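Have a look at the structure below, then the notes.
The values are calculated or read from the model by the stated rules, or taken from the named source; none is laboratory data. Everything numeric here is computed off the predicted structure, so don't read it as measured data. Positions of Cβ are backbone-derived with ideal geometry, glycine not excepted, and every protein chain shown enters the neighbour counts. Quick note on the areas: whole protein, heavy atoms, side chains included, nothing else; ligands and nucleic acids left out. Shrake-Rupley method; radii C 1.70, N 1.55, O 1.52, S 1.80 Å.
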Amino acid sequence: MGMTMTQKILAAHAGLDCVVPGQLIEADLDLVLGNDITTPVAIHEVEKLNVKEVFDKDKIALVPDHFAPNKDIKSAEHCKCVRDFAKKHDITNYFEVGEMGIEHALLPEKGLIVAGETCIGADSHTCTYGALGAFSTGVGSTDMGAGMMTGKAWFKVPSAIKFVLKGKLSPWVSGKDLILHIIGMIGVDGARYRSMEFVGEGVSSLTMDDRFTVCNMAIEAGAKNGIFPVDEKTIAYMEEHSAKKYTVYEADEDAEYDETYVIDLSELKQTVAFPHLPENTRTMEEIDDIPIDQVVIGSCTNGRYDDLEIAAKVLKGRKVAKGMRCIIIPATQAIYLKAVENGLITTFIQAGAVVSTPTCGPCLGGYMGILSAGERAVSTTNRNFVGRMGHVDSEVYLASPAVAAASAVTGKISCPQDLGL
């Protein structure tokens, strides 16, 4: 029986000729990731093992991004715990405020993960790096701590679902609309502990930022990971950002998939996920007037430069609706700087939006945009669970940067076409 991309990567890192779905393996890790919320838990577990050294100081990345810059004393203590651990073990890839970014945008940008590698992270959206043709997945803090010390992790080999993409996206439709469409189609548990593998001629029309967004939200369908084939765009991205050697794995022709879906990208419409699950999707034409109080454009899902550029195109020459709070968060310092140099930040400020230093902030209900009871937000983030962005009686609507920016202008859920764009 042939193997999928994911299965080939896992087999190689387990030192096996082949693996099959359901098989338990121990695989070598190329990168272990933690943030300011999950790493302190991992550190405390590691201390119980009485292990003196990490397995490789160059293959661990620690990124304080959830409550950094620190919002209170507790978050400051968490970050200090991570900082002290990084200093003690001379961790190469520790990123403090001023050089840090939102972890899942920062690591690819820094070239820390490339095609054919394995990565675990104590954050569920670690599956983002499948856009580069890597196997990456989220784990608990205990597994992350063990990974830091041993350089290995146990996995149950996942079966896979194939998504065959054809055609190309229409104007103002993006990777966010694609993944929301898929989650709406299969549900939040439709890919539970399976690999979502994206193939087909339509892949070439997707930007790398589109692919990062799609893989980032694979977990919202319950997937173990999402993964794209390595093509010219992938290679160009890796060669621009990394000096690491990459390995290209391709699925065998006789690889087995539990299900296959064919999606014509040209038929996709702008899509919004209504409260309180990412699967509760509707296209713009199905949405009546829904007034909102806040817009958030950013996060590990949609805080990359392409996302900001799209938002700026919508906001340029326009004003955020009176009483509306529009919060824009570039995902990394490099993205922030590029947005400054190209005038995007000026556009945002002139429109009446506020711009934050890179942080996860409001996505998890941390800070920088908490909702009170009865308030609604359109957000480019990845989850809209009850109380996700604040009060349990608030509502979060997930959307693309284009829809979020248009909604900020009109004060209700809208798309760029509503503004004549």
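So which pairs qualify, if the first residue must be in region 283-295 and among the polar types (S, T, N, Q), the second must be in a strand (DSSP E or B) and open to solvent by less than 30 Å² (accessible area, probe 1.4 Å), the Cβ gap must be under 6 Å, and the two must be at least 6 apart or on different chains?
Close Cβ pairs satisfying both conditions: Thr283/Thr271; Gln294/Ala377.
Which of the residues that make up region 386-409 are open to solvent by less than 50 Å² (accessible area, probe 1.4 Å), over 21 Å from the mean Cα position of the chain (by Cα) and over 17 Å from Asn280 (Cα atoms)?
Those that are open to solvent by less than 50 Å² (accessible area, probe 1.4 Å), over 21 Å from the mean Cα position of the chain (by Cα) and over 17 Å from Asn280 (Cα atoms): Ala406, Ser407, Ala408, Val409.
Go through (1) in contact (Cβ under 8 Å) with a residue 24 or more places away in the chain; (2) over 22 Å from Asp209 (Cβ atoms); (3) in a helix (DSSP H, G or I) for Ala406 and report which single condition fails.
For Ala406, the exception is condition (2).
Looking only at region 301-318, which residues are touching a residue at least 60 places away in the same chain (Cβ under 8 Å), assigned to a helix (DSSP H, G or I), of a type in the set (D, E, K, R) and under 30 Å from Asp123 (Cβ atoms)?
Across region 301-318, the qualifying residues are Asp306, Asp307.
Restricting region 46-83 to residues that are charged (D, E, K, R) and within 23 Å of Gln333 (Cα to Cα), which is surrounded by the most Cβ atoms within 10 Å (Cβ to Cβ)?
Asp65
Any idea which of (1) assigned to a strand (DSSP E or B); (2) open to solvent by less than 50 Å² (accessible area, probe 1.4 Å) is the one Thr234 doesn't satisfy?
(1)
Considering only region 355-372, how many residues are in a loop (DSSP other than H, G, I, E, B), of a type outside the set (Gly, Ala, Ser) and out of contact with any strand residue (DSSP E or B) (no Cβ under 7 Å at 6 or more places or on another chain)? Full working, then the answer.
Narrowing region 355-372 to residues in a loop (DSSP other than H, G, I, E, B): 356-360, 365-370, 372.
From the residues that got through so far, the ones that are of a type outside the set (Gly, Ala, Ser) too are 357-360, 367-368, 370.
Applying the additional criterion that residues be out of contact with any strand residue (DSSP E or B) (no Cβ under 7 Å at 6 or more places or on another chain) yields 357-360, 367.
Looking only at that region, the number is 5.
For region 201-215, indicate whether the set of residues that are closer than 30 Å to Glu45 by Cα, modelled with pLDDT of 95 or more and assigned to a helix (DSSP H, G or I) is non-empty. Show your work before the answer.
Quick first cut of region 201-215, residues closer than 30 Å to Glu45 by Cα only: 215.
Still in the list and also modelled with pLDDT of 95 or more: 215.
Cutting the leftovers down to assigned to a helix (DSSP H, G or I) gives us 215.
The answer is yes; a qualifying residue exists.
For region 166-198, what are the residues that are more than 27 Å from Val314 (Cβ to Cβ) and of a type in the set (S, T, N, Q)?
Ser195
Residue pairs, Cβ under 6 Å, 6 or more apart or interchain, first in region 355-369 and open to solvent by 30 Å² or more (accessible area, probe 1.4 Å), second hydroxyl-bearing (Ser, Thr, Tyr). List them.
Met368/Ser356
What number goes with the only condition from (1) open to solvent by 10 Å² or more (accessible area, probe 1.4 Å); (2) within 18 Å of Phe385 (Cβ to Cβ) that Asp293 does not pass?
(2)
Could you check Gly140 against (1) closer than 28 Å to Tyr257 by Cα; (2) surrounded by 24 or more Cβ atoms within 10 Å (Cβ to Cβ) and say which number it fails?
All conditions pass for Gly140, except number (2).
Taking the condition open to solvent by less than 70 Å² (accessible area, probe 1.4 Å), part of a strand (DSSP E or B) and closer than 29 Å to Ala115 by Cβ, does Ala27 pass?
So Ala27 passes the test.
Out of everything in region 209-231 that is in contact with a Lys or Arg (Cβ under 6 Å, 6 or more places away or on another chain) and closer than 21 Å to Gly303 by Cβ, what residue ends up being surrounded by the fewest Cβ atoms within 10 Å (Cβ to Cβ)?
If we take residues in region 209-231 being in contact with a Lys or Arg (Cβ under 6 Å, 6 or more places away or on another chain) and closer than 21 Å to Gly303 by Cβ, then Asp209 is surrounded by the fewest Cβ atoms within 10 Å (Cβ to Cβ).
On the basis of being assigned to a loop (DSSP other than H, G, I, E, B), touching a residue at least 24 places away in the same chain (Cβ under 8 Å), open to solvent by 80 Å² or more (accessible area, probe 1.4 Å) and acidic (Asp, Glu), does Glu279 make the cut?
Judged against the criteria, Glu279 is not a match.
Quick one: Glu285 ticks every box in (1) outside any helix (DSSP H, G or I); (2) at pLDDT below 95 bar one, so which box is it?
With respect to (1) outside any helix (DSSP H, G or I); (2) at pLDDT below 95, Glu285 is out only on (1).
Can you tell me which residues in region 373-383 are touching a strand residue (DSSP E or B) at 6+ places or on another chain (Cβ under 6 Å) and buried (at least 24 other Cβ atoms within 10 Å of the Cβ)?
If the condition is that a residue be touching a strand residue (DSSP E or B) at 6+ places or on another chain (Cβ under 6 Å) and buried (at least 24 other Cβ atoms within 10 Å of the Cβ), then Ala377, Val378, Ser379, Thr380 are the ones that fit.
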